[in-house]
Amino acid sequence: SSFEYNKYEDKTYTPTKLDQQLIPAVLDGQYKLLIITGNAGDGKTAFMRKIEENGLITDLVRHKHKNGARFKINGIPFESNYDGSQDEDEKANNEVLESFFEPFEHIENYSSAAEGRIIAINEGRLVEFLSTSEKYFQLANTIEEYFYKDGHHDLPDGLMIINLNLRSVVAKNDDSPSLFRQQIKTLTHK
């Protein structure tokens, strides 16, 4: 898949609670590891770009392989990966993930990591990678519990997992229309 910027992304993007609540929390430094799972077309890459393009982000450098970027949040180095299941240039996927998750080797408090990471990845691939590595035993258990309990599992400090497969696009919020209704209005706006 290609992650080229599409000129219609901004015009058709529908802000959600992720934009209104999660982006400010990420920019405030609440999470050092943000994992986003979901189906193709769910908007994972578009959401990650919203973080990267925020005015509070500094030193943004997009990777040549187009599968993410490096940047700083409050002076802390971060890296994004738009598709954690992909190979990159000459690096096989396992190598890509080993290097990506390195700041979280053998730690339990993710807030204490020296660097931050934001990744979109298939949940099966994520569990497979983490459970076959001795370095991420704790993270593998936490993530398996999270998926097994459909998101009803307490996460350690500094870690946030967003499973877009659990999101309802037709449910209404107290004061706003459903995500589906908002998207239809956006797509049909003159």
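Just give me the residues in segment 56-70 being in a strand (DSSP E or B) and either more than 21 Å from Ser85 (Cα to Cα) or open to solvent by 20 Å² or more (accessible area, probe 1.4 Å) (or both), in sequence order.
Ile57, Thr58, Asp59, Leu60, Val61, Arg62, Arg70 - these are the residues of segment 56-70 that are in a strand (DSSP E or B) and either more than 21 Å from Ser85 (Cα to Cα) or open to solvent by 20 Å² or more (accessible area, probe 1.4 Å) (or both).
Return the residues of segment 40-74 that are farther than 18 Å from Phe101 by Cα and among the polar types (S, T, N, Q); say none if nothing qualifies.
Of everything in segment 40-74, those that are farther than 18 Å from Phe101 by Cα and among the polar types (S, T, N, Q) turn out to be Thr45, Asn54, Thr58, Asn74.
Are there any pairs, at least 6 apart or on different chains, whose C-beta atoms fall under 8 Å, with the first in segment 62-90 and more than 18 Å from Lys50 (Cβ to Cβ) and in contact (Cβ under 8 Å) with a residue 12 or more places away in the chain and the second of a type in the set (Val, Ile, Thr) and not in a strand (DSSP E or B), and if so, which?
Pairs that qualify, where the first residue is more than 18 Å from Lys50 (Cβ to Cβ) and in contact (Cβ under 8 Å) with a residue 12 or more places away in the chain and the partner is of a type in the set (Val, Ile, Thr) and not in a strand (DSSP E or B), are Gly84/Val96; Gly84/Ile121; Ser85/Ile121; Gln86/Val96; Glu88/Val96.
Restricting attention to segment 147-156, does a residue exist that is part of a helix (DSSP H, G or I), within 27 Å of Leu27 (Cβ to Cβ) and modelled with pLDDT under 90? First the steps, then the outcome.
Here is the first cut: in segment 147-156, the residues part of a helix (DSSP H, G or I) are 147-148.
Among the residues that remain, those that are also within 27 Å of Leu27 (Cβ to Cβ) are: 147.
Keeping just the survivors that are modelled with pLDDT under 90 gives 147.
So far as segment 147-156 goes, yes, one or more of its residues are part of a helix (DSSP H, G or I), within 27 Å of Leu27 (Cβ to Cβ) and modelled with pLDDT under 90.
For the subset of segment 75-125 comprising residues that are open to solvent by less than 20 Å² (accessible area, probe 1.4 Å) and among the small types (Gly, Ala, Ser), which member is farthest from Thr45 (Cα to Cα)?
Ala113
Tyr31 versus (1) in a loop (DSSP other than H, G, I, E, B); (2) modelled with pLDDT under 95: which is the lone unmet condition?
(2)
Is it the case that Asn94 is outside any loop (DSSP other than H, G, I, E, B) and out of contact with any His (no Cβ under 8 Å at 6 or more places or on another chain)?
yes
Would you pick out the residues in segment 148-164 that are in contact (Cβ under 8 Å) with a residue 40 or more places away in the chain, open to solvent by less than 70 Å² (accessible area, probe 1.4 Å) and either closer than 17 Å to Gly38 by Cα or not aliphatic (A, V, I, L, M) (or both)?
Correct list: Pro156, Gly158, Met160, Ile161, Ile162, Asn163, Leu164.
Quick one: is Leu27 closer than 27 Å to Ser176 by Cβ and surrounded by fewer than 17 Cβ atoms within 10 Å (Cβ to Cβ)?
Yes.
With the requirement that a residue be assigned to a loop (DSSP other than H, G, I, E, B), surrounded by 15 or more Cβ atoms within 10 Å (Cβ to Cβ) and at pLDDT 90 or above, what does segment 41-55 give you?
Asn54
The values are calculated or read from the model by the stated rules, or taken from the named source; none is laboratory data. Every value quoted in this text rests on a predicted model; they were computed, and no experiment measured them. Glycine also receives a Cβ, built like all others from the backbone with ideal geometry; neighbour counts cover every protein chain displayed. Accessible surface areas use protein heavy atoms only, side chains included; no ligands, DNA or RNA. Shrake-Rupley method; radii C 1.70, N 1.55, O 1.52, S 1.80 Å.
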